[in-house]
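Just below is one structure, and these are the notes that go with it.
The values are calculated or read from the model by the stated rules, or taken from the named source; none is laboratory data. None of these values were measured; they are calculated from a predicted model. Quick reminder, even Gly has a Cβ in these numbers, built from the backbone with ideal geometry, and neighbours come from all protein chains shown. Surface areas here come from the heavy atoms of the whole protein model, side chains and all, with no ligands, DNA or RNA. Shrake-Rupley method; radii C 1.70, N 1.55, O 1.52, S 1.80 Å.
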Amino acid sequence: MPTPFRHTQPPSPKSATGRTAEVFEQIAVDFGIERPPTFVVLSSAPELLAPAWALMRESLIAGDGSRTGKELAALGVSLANKCPFCADAHTVLLHATGDHALAEHLARGGTPENAEHARVLDWGRRTRVPGAHLTPYPFPREQAPAYLGTALAFHFINRVVSALLTEQLLPGNAQRFRAVRSLAGRTLARTVRRTAVPGAALPLLDAPGPGPDWAAGTPVG
């Protein structure tokens, strides 16, 4: 049976123990998908798996700012890195936020009609450009740790996906169909729209420190 993995065959999440099992339990609750291949592929290296999940959770899921805005930033990163798997995933997650028209407009290659949304998407793209001017931010400064953390998380995840997963988010590239994208998003809607408690992923880390200056004192840091 074909798998989404390339060049590697990670251990089954069902056999996970210790910290790896704890990560997958938290992913199921807070991400809404029990065994997403983006994290399963890291399961043989818990020292990578735990911080990759923690950074994504504390920024994209539990960080300040709207989930729609952070999904747009992550989509911009994924488009800049030419990661179709992740770009499709963020389109589905925009459906989950309830922004169905925006998700479909972007799926067809359009630019957000809302000027704020367009600036956030462009900002995400520009985080890949060395020396790019990322300020002034297209979001309130107090939300910068969450947005910057989201961008950093997906610059890492995009590279893992591009190297070790196929480009198909769903079997047969079913996510290319609008009805499938919408249905997939709706199955995740309750989880995506639920308020997550910041800091819950920190106990999974070996020795969390103060973090960089731009996020010091926050769970993202």
Residues of the range 3-24 satisfying the condition of being among the charged types (D, E, K, R) and in contact with a helix residue (DSSP H, G or I) (Cβ under 8 Å, 6 or more places away or on another chain): Arg6, Arg19, Glu22
Contact list please: Cβ distance under 7 Å, first residue in the range 62-80 and more than 19 Å from Gly32 (Cα to Cα) and in contact (Cβ under 8 Å) with a residue 60 or more places away in the chain, second residue open to solvent by 30 Å² or more (accessible area, probe 1.4 Å) and outside any helix (DSSP H, G or I), pairs at least six apart or on different chains. Val77/Thr127; Val77/Arg128
Mind listing whichever residues of the range 26-49 are over 21 Å from Arg159 (Cα atoms) and either aliphatic (A, V, I, L, M) or open to solvent by less than 20 Å² (accessible area, probe 1.4 Å) (or both)? Ala28, Val29
Which ones in the range 168-180 are open to solvent by less than 30 Å² (accessible area, probe 1.4 Å) and either at pLDDT 90 or above or not small (Gly, Ala, Ser) (or both)? Asn173, Gln175
Looking at the range 116-143, which of its residues are of a type in the set (Gly, Ala, Ser) and either surrounded by 16 or more Cβ atoms within 10 Å (Cβ to Cβ) or under 20 Å from the mean Cα position of the chain (by Cα) (or both)? Ala118, Gly124
Of all residues in the range 95-115, count the ones that are surrounded by fewer than 19 Cβ atoms within 10 Å (Cβ to Cβ) and free of Cβ contacts under 8 Å to residues at least 40 places away in the same chain. 9
Exactly one condition in (1) under 17 Å from the mean Cα position of the chain (by Cα); (2) open to solvent by 50 Å² or more (accessible area, probe 1.4 Å) is not met by Gly76; state its number. (2)
From the list Asp88, Asp122, pick out the single residue that is in contact (Cβ under 8 Å) with a residue 24 or more places away in the chain, over 22 Å from Trp53 (Cβ atoms) and not hydrophobic (A, V, I, L, M, F, W, C). Asp122
Is there any pair with a first residue in the range 139-162 that is in contact (Cβ under 8 Å) with a residue 60 or more places away in the chain and a second that is among the charged types (D, E, K, R) whose Cβ atoms are under 6 Å apart and which are 6 or more apart or on different chains, and what are they? Gln143/Asp64; Ala146/Asp64; Thr150/Lys70
From the set of residues in the range 196-218 that are of a type outside the set (Gly, Ala, Ser), in contact (Cβ under 8 Å) with a residue 60 or more places away in the chain and more than 16 Å from Leu48 (Cα to Cα), which is least open to solvent (accessible area, probe 1.4 Å)? Thr218
Look through Gly65, Gly76 and report the one residue that is farther than 17 Å from Leu205 by Cβ and part of a helix (DSSP H, G or I). Gly76
Would you confirm whether or not the range 76-93 contains a residue that is in contact with a Pro (Cβ under 8 Å, 6 or more places away or on another chain), on the phi < 0 side of the Ramachandran plot and charged (D, E, K, R)? no
Of the residues in the range 111-136, those that are small (Gly, Ala, Ser) and at pLDDT below 95 come to Gly131, Ala132
